[in-house]
Amino acid sequence: MTATITDKKVLMKGNYAIANAAVLAGCQCYFGYPITPQSEIGEFMSGKMQELGRAYVSAESELAAINMTIGACSTGVKAMTSSSSCAVSLMQEGLSYATSDQLPVVLVSVMRGGPGLGNIYPSQGDYFQATRGGGNGDYKLIVLAPSTVQECADLTYKAFYLAQKYRNPTVLLADGLLGQMMEPVEFKPYPYPEIDNSQWKLSGAKGREARIIRSYAPLADNQCVYLEKLFEKYKLIEEQETQWEEIGTEDADIVLVSFGSTARNVKTATKICRQKGLKVGILRPITLFPFPTKRLKELAQSVKMFVSVEVNMGQMVQDVRLAVNGKAPVELIHKGVGVPPAPEEIVKQIEELM
Amino acid sequence: MATQVFKIPDSFKKDAKYTFCPGCDHGVAVRLVGECLSELGLTENTIAACAIGCSVTIYDFLNIDALEAPHGRAMAEATGIKRACPDKFVFTYQGDGDFASIGWAESMHAALRGEKISAICINNTTYGMTGGQLGPTTLVGQVTTTSPTGRNLEYYGYPIKIAEHIAMCDGTAYSARVSLDTVANIKKAKQAIKKAFEVQIKGLGLGFVEILSTCPTNWKMTPQKAHERVQNEMIKVFKPGVYKDITVEN
């Protein structure tokens, strides 16, 4: 597997597409520890980064990997780590620090079953882990959720861009299904502008004041001011970066809300519903933070029922309910872990809900 | 004719206020680090990974770029900095709890990988900033707030000998333990810090110095008594010396 810019589609696993895109996005440093179902990312990076004279460290733990990434990012280079579920748990401390340090860390989180060791089947059980965070304090991670292998590549580019643009840790939230499945994918050159970081990066205090990157504001008042500033940034991100896909919502009575690999089957289910004469549409959040709250609120003026379809015990459904705010019923179709429910199964459950 | 006998090193912040407790050896250690940075011409090319605890305040005294790492993670963050910028001088300044307890995995693996960084570890046999609890280096018999009848082996196990462990790692180029209890030993300490910096500059591997230090406040001793404790108790268990120096062995 070699990293290339392609003018035609190549067949590739999601994990390789993510790794290839990261290299093309200009990622200079990769730090990681193996875990199924994302190990191909580290395997690809180990060879490619050495070949290109960039940095690769086989970290002793995910705790070390996220902190190595923080260290590299503090110098202004693009750096990333990747992991999965129970091991992303080990990174929560680092993610909390990175938001407070305002460092552009990129984390690829390829979800598997949980809690605990869980299993290596696909899952969306880390929606809360990514959007709420397991680290301490008030903070937000930017979270991007691909649904196809092509999006695995495109949103990896975007993750590096948004992380740099907002100086905020950004998560590409994929799952075992996307990581392991093969699909045709095309790699265009990195499409985003490079962000100037000369005003904050650590490079040695030559000809300027020394810089300290820290998350520590010893006085309560300082910390209040700092948090207000941080949340102004999050508000800006919500206004400018919320991204979603919508099909068949114009006249829909029922809107299915689904993200990631599950949304693939939900799309097919929507088509079957339409063939049956049911007015069903889909809204697929592409950014999980920022969540398309505003759009769901608009749709709630006319839609009779929302249904969140997820592979977990019901996590995103809470954000849908917050957005709809009692204007319409919000139901849940889900399974705990594994491949998403088949389109026919989803249709059957929708008919039961009607 | 006037002769200049003292010059403030360029690595020192001119407006820094002294914040360590009276008699604490952190002040001397930070000063030695600053002098070595200046004398080796590293000040403007340095990025430090700072720790949690009293040691973090080093960035208030030195005029260098610094990243404040979470507790125990300085060696991982220093690794990230150095791998991203191999031409920068990178060092950590940590306490023994940070380096050898919560961060032991990060410290050992940075040494095993032979990261081309330098690490300074202050060993004062207690957690200072949190008020004097038992740490990885607390001596057998030592009373702390979490070993009220003294460190006994059945409850707490043995204190760790950091410099010896780091010396065992193949990626370590230099490992030494020094003390700051006499003028002669302060001079030796400075030579050791300089050596730990030089092995990084030469690209030989990890340079490490463990500095035996006082914590008069938590030991509940006068500065003088605290230094006597270093001489009479600590040095007997934590023997000063150079445990590895590949520039000599080669």
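Computed from the coordinates by the stated procedures, all read-outs in this text should not be read as laboratory data. Quick caveat: nothing in here was measured; it's all calculated off a predicted structure. All Cβ positions, glycine included, derive from the backbone under ideal geometry; neighbour counts span all protein chains shown.
Once the Cβ-Cβ distance between residue A:272 and residue A:235 is put in as r, and R0 is 41 Å, what FRET efficiency do you end up with, to the nearest 0.05?
On the way: r = 39 Å, r/R0 = 0.96.
After rounding, the FRET efficiency stands at 0.55.
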Modelled label-to-label distance, residue A:327 and residue A:298, 7 Å Cα→beta-carbon offset: nm? 1.1 nm
Taking Cα pairs closer than 8 Å and at least 6 residues apart, the relative contact order of chain A in percent is 17 percent
Need one number: nm distance between label points at residue A:43 and residue B:10, each 7 Å from Cα along Cα→Cβ, rounded to one decimal. 5.0 nm
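Counting partner chain Cβ atoms within 10 Å of every residue's Cβ in B:42-50, what's the average? Could you put the intermediate results ahead of the total?
Values: counts 1, 4, 7, 4, 5, 10, 3, 5, 4.
Shielding by partners across B:42-50 averages 5.
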Net charge of Cβ neighbours under 9 Å - reference residue B:115; Lys, Arg +1; Asp, Glu -1: +4
For chain B, averaging the sequence separation of alpha carbon pairs under 8 Å that lie six or more residues apart and dividing by its residue count, the contact order in percent is 19 percent
According to the square roots a ≥ b ≥ c of the eigenvalues of the Cα gyration tensor, what is the shape class of region B:10-81, taking rounded for a/c under 1.5, prolate for a/b larger than b/c otherwise, and oblate for the remainder? oblate
Nearest 5 is fine: what % of DSSP beta bridges in chain A come out antiparallel, could you say? 25 percent
Give me the tail of P(r) for the protein assembly as shown as a percent: Cα-Cα pairs with distance above 49 Å. 20 percent
Residue by residue through region B:217-226, what is 3J(HN,Hα) from phi via Karplus (6.51 cos²θ - 1.76 cosθ + 1.60, θ = phi - 60°)? Round to whole Hz and write x for glycine and proline. 4, 7, 7, 6, 9, 6, x, 5, 4, 4
So which aspartates and glutamates pass the test for residue A:13, namely a Cα distance under 18 Å, with those fewer than 8 places away in the same chain ruled out? A:40, A:43, A:151, A:154, A:175, A:183, A:186
Using a Förster distance of 56 Å, how high is the FRET efficiency between residue B:39 and residue A:188, based on the Cβ-Cβ distance and rounded to 0.05? 0.60
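Have a look at the DSSP beta bridges in the protein assembly as shown and tell me what percent are antiparallel, nearest 5.
DSSP beta bridges in the protein assembly as shown are roughly 25 percent antiparallel.
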Take every DSSP beta bridge with both residues inside region A:245-353 and express the antiparallel ones as a percent of the total, to the nearest 5. 20 percent
Extension reserve of the residue A:250-residue A:52 stretch, reckoned as 0.36 nm per residue once the Cα distance is removed: 66.4 nm
How many angstrom separate the Cα center of region B:1-72 from the Cα center of region A:174-213? 32 Å
Within 10 Å of each Cβ of A:73-83, how many other protein chain Cβ atoms are there on average? 4
In whole Hz, the Karplus estimates of ³J(HN,Hα) for region A:177-192 (6.51, -1.76, 1.60; θ = phi - 60°; x where Gly or Pro) are 5, 5, x, 9, 7, 9, 8, x, 9, 10, 10, 8, x, 3, x, 9
Orientation-averaged projected area, Cα convex hull of chain B (nm²): 14.1 nm²
Too-long pairs where the Cα-Cα distance tops 32 Å, listed order kept, from A:140/A:271; A:201/A:235; B:187/B:236: A:140/A:271
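What full-extension length gain, to one decimal in nm, is calculated for residue A:228 and residue A:200 as 0.36 nm per residue of separation minus the Cα-Cα distance?
Extra length available between residue A:228 and residue A:200 comes to 8.1 nm.
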With a cut-off of 15 Å, note down the residues of region B:137-176 whose backbone N falls inside the zone around a label point 7 Å from the Cα of residue B:248 toward its beta carbon. B:164, B:167-168, B:173-176
Set A:48/A:335; A:48/B:88; A:188/A:267; A:279/A:335; A:279/A:327, cut-off 30 Å on Cα-Cα distance; pairs above it are A:48/A:335
Report the net charge of residues surrounding residue B:71, where surrounding means a beta-carbon distance below 12 angstrom and charges are Lys +1, Arg +1, Asp -1, Glu -1. -4
Can you check what the net charge comes to around residue A:122, using other residues whose Cβ is under 10 Å from the Cβ of residue A:122 (Lys, Arg +1; Asp, Glu -1)? 0
Starting from the 7 Å offset along Cα-to-Cβ, what nm value, one decimal, do you get for the label separation of residue A:216 and residue B:140? 3.4 nm
Enter the angle in degrees (range 0 to 90, nearest 10) between the Cα long axis of helix A:220-241 and the first principal axis of the Cα atoms of chain A, meaning the one along which they spread out most. 50 degrees
Here the whole-number average of other chain Cβ atoms within 10 Å per Cβ of A:54-60 is 5
May I ask which of A:8/A:78; A:206/B:82; A:233/A:297 have a Cα-Cα span longer than 24 Å here? A:8/A:78
